[in-house]
Structure formats: C-alpha cells, structure tokens
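Nothing in this text is a laboratory measurement; each read-out follows from the coordinates by a stated rule. Owing to the predicted nature of the structure, the values given are computational and were not obtained by experimental measurement. All Cβ positions, glycine included, derive from the backbone under ideal geometry; neighbour counts span all protein chains shown.
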Amino acid sequence: MKLNGVTDDAIRLRLFPFSLRDRAKEWLRDEGTGSFDTWGRLVKAFLVKFLGNEKTARLRNDLQTFKQSDDESLYEAWRRFKRLQRQCPHHGIPDWILMQTFYNGMTHEFRIYIDAASGEAEASEKEVEDARVEEASKETPLKPLAPYVPKIPFPQRIRRLRTTVTV
C-alpha cells in the first residue's frame, strides 16, 4: 500500500528505530543512517546480529522436529507451531514442508481428524492394497544388493561421470 507515494518499505525503515532499545538501538545507530535501503536487508542484518547461528539452528530444529503433546488440543498444537515459526522468521523452510512437518508431528488420533476434514478419510481399494503389500514387504527379509551392483573400478566410475555430466 502506498500512502502519498511512500512505500511500505520506507514506512517500516522510518518507524523501526522507535521499536528498539539498549543494544539494538546502539547497533542501528552504529550502522549509520541510510545503511539499509530495503526492509528485507535490515531484517536480515538484525536477525543475524541478534539471533546468531546457534540460536537459529536450535529454533529451526525445534520447528522441524515438532511433535504434538499427548494432552495438547489441535488448536493448542497449531498455536505452538505458529509460535515456533514466529521465533525464527528467517528459517527458510518452504510452506509445504512446514505443513508436512505439522501433520507428521500430530498424534495418530488427530491425523485421522485432519484427514477426515480434508476429505482424505476414505482410502481407495488400490491404496489399501498398496498398504498391505508394503506391510508384507516389511516382514520379508531383504536380499543383499551386492549381486546386482556392477563392479566398476573407482577411477572408471569417475571418468564415466565426467563424460555424462554436461555444464
């Protein structure tokens, strides 16, 4: 939205210093006026400075290993998951992976509810058969793959890679 030709970035950049105090305010002052020409660059620099790699890695891990507690409702789990995302806004995880992580972190009971609400509750006959085959294959010990892997000396493998890969 533009207000009298002023962009959202310009408004954010102008108001951001008023939200800071102590070390953060000092950091921005040390960076100098006009150091950041876009809101995105300012946010990135701020998060790198005040969140650090270690904390970012921990928060990203918390997000990727999300699990619903046994006594937690669907609503509470969703709020906690969204809070984790807000704590690490620069996590860089695509939305589809976030949704998959949330779904996989839910208890079996709530996954059934989610499936029912999304119309995925009724499995086709093929899906049921595929599940049976997969379950049966887990019970069958796997044969070693060694007889099926061609024996090519290592340097020859590298030569083949070089000839097949084009830049």
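What list of ³J(HN,Hα) couplings, whole Hz, do you get for the stretch 59-75 from phi and the Karplus terms 6.51, -1.76, 1.60, once you set θ to phi - 60° and write x for glycine and proline?
Running phi through 6.51 cos²θ - 1.76 cosθ + 1.60 with θ = phi - 60° gives 5, 5, 5, 4, 5, 6, 10, 4, 9, 6, 6, 4, 9, 9, 6, 4, 4 Hz.
For the stretch 20-91, which trypsin sites (Lys or Arg not before Pro) are both in a DSSP coil and crowded by at most 14 other Cβ atoms within 10 Å?
Arg21, Lys67
Based on the Kirkwood radius over alpha-carbon pairs, what value in µm²/s does the Stokes-Einstein equation return for the translational diffusion coefficient of the stretch 7-50 at 25 °C and 0.890 mPa s?
232
Using modelled amide H (1.01 Å from N, peptide plane; none on Pro or chain starts), what sits under 5 Å from the amide H of Met106, excluding residues fewer than 5 places away?
Long-range HN contacts for Met106: Gln68.
Given N residues in the stretch 52-120, what is Rg(Cα) / (2.2 N^0.38 Å)?
Compared with the compact-globule rule of thumb, the stretch 52-120 sits at 1.15.
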